[in-house]
Amino acid sequence: MEPVVVRRGAGPLILSLPHVGTHLPPAVADRLNDEGRVLRDTDWHVDALYEGLLPKVTVVAATHHRYVIDLNRDPAGGSLYPGQTTTGLIPEATFDDVPIWQPGQEPAEADRALWRERVHRPYHAALAAEIVRVRESLGVAILYDCHSIRSEIPWLFPGVLPDLNIGTDGGRTCAPALEETVVAVARASGRSWVLNGRFRGGWTVRHHGRPSEGVHAIQMELAQASHLAAESPPFALDPEKAAALRPVLTGILSAIVALAPSLART
């Protein structure tokens, strides 16, 4: 299976979906334990939430699961959040710190090298190619990195996450106007939200976001309580919750697209 699927659009907005894939190559599936095979830390139904919200949007989506390799982690292995608990390039445990590999089958450096080449590198090469195409065509490219996570995970953070977790790495990955626009829509939505809280943007937006070059990147981490029937197996999408959330997401994406011409480099 190819590691990435690309659907090209003519507009300035690129949606990145790095954690929606559920494919496990046999070399990985055969080594996971029962907990690992639950795929608990998938971005369940995030692709469905964003599907069809706006026309002319480019979509870059992963097919492989994050337990193969995490596409939102530094391929060199550096921590996104030094001093805080987090999972690595190839996770050894769930977000609850429960092991996912059979004893003696944990990933080694050879695994990291293999999946960096076969999955991580192709995904980001495809994303980079779309960024270049869009920016060259329109003078600006806006990368919107789509994520979700369970709303309560004590190993990672205290309390309950807001519905909308906006990340710009402290304003470094996009123009201030873009950050302000997304915050304004989030505030007006009546949903709980935070800017650069526990999830301030992962490797994807930090690596690709170059505002001075006309490439702006922003991460949206949705609390799964905002759209799932339950944050536990089978992780079913709640149609009523999804129907209520999709207009909020449409408002955010529409505001981004409306702002794009003012960010274009000539």
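No lab work stands behind these numbers, since they all come straight from the coordinates. Remember, it's a predicted structure, so these values are computed and weren't measured experimentally. As a convention, Cβ positions derive from the backbone with ideal geometry for all residues, glycine included, and neighbour counts pool all protein chains shown.
Would region 1-149 count as rounded, prolate or oblate if I go by the C-alpha gyration tensor, calling it rounded below 1.5 in a/c and otherwise prolate when a/b exceeds b/c, oblate otherwise?
prolate
List the residues of region 244-266 whose backbone N lies under 20 Å from a point placed 7 Å from the Cα of V6 along the Cα-to-Cβ direction.
Those under the cut-off are none; the list is empty.
Can you give me the distance in nm between label points at R265 and L54, each placed 7 Å from the Cα along the Cα-to-Cβ direction?
2.1
Please work out the Cα center distance from region 188-266 to region 38-65, rounded to the nearest Å.
12
If you split all Cα-Cα distances of region 130-227 into 5 Å bins from zero, what percentages do you get per bin, shortest first?
Each 5 Å bin holds this share of Cα pairs: 3, 14, 23, 22, 17, 11, 6, 2, 1.
Give or take rounding to whole Å, what are the principal axis extents of the alpha carbon atoms in region 83-189, in descending order?
50, 37, 22
Using helices alone, I'd like the mean residue ellipticity at 222 nm for the chain: each DSSP H run of four-plus residues gives -39500 (n - 2.57), total over residue count, nearest 500.
Helices in the chain give a 222 nm mean residue ellipticity of -9000 deg cm²/dmol.
What per residue convex hull volume, in Å³, do the alpha-carbon atoms of region 188-266 yield?
125
Tally Lys/Arg at +1 and Asp/Glu at -1 over every other residue whose Cβ is under 15 Å from the Cβ of H207; what's the total?
That works out to +1.
Give me the net charge for the shell around G251: Cβ to Cβ below 14 angstrom, other residues only, Lys and Arg +1, Asp and Glu -1.
Here the charged neighbours net out to +2.
Rounded to the nearest 5, what is the percent of antiparallel bridges among the DSSP beta bridges in the chain?
Expressed as a percentage, antiparallel bridges in the chain total about 35.
Determine the equivalent ellipsoid of the chain by diagonalising the alpha-carbon gyration tensor, then write out the semi-axes as square roots of 5 times the eigenvalues, largest first, rounded to whole Å.
The three semi-axes for the chain are 29, 21, 17 Å.
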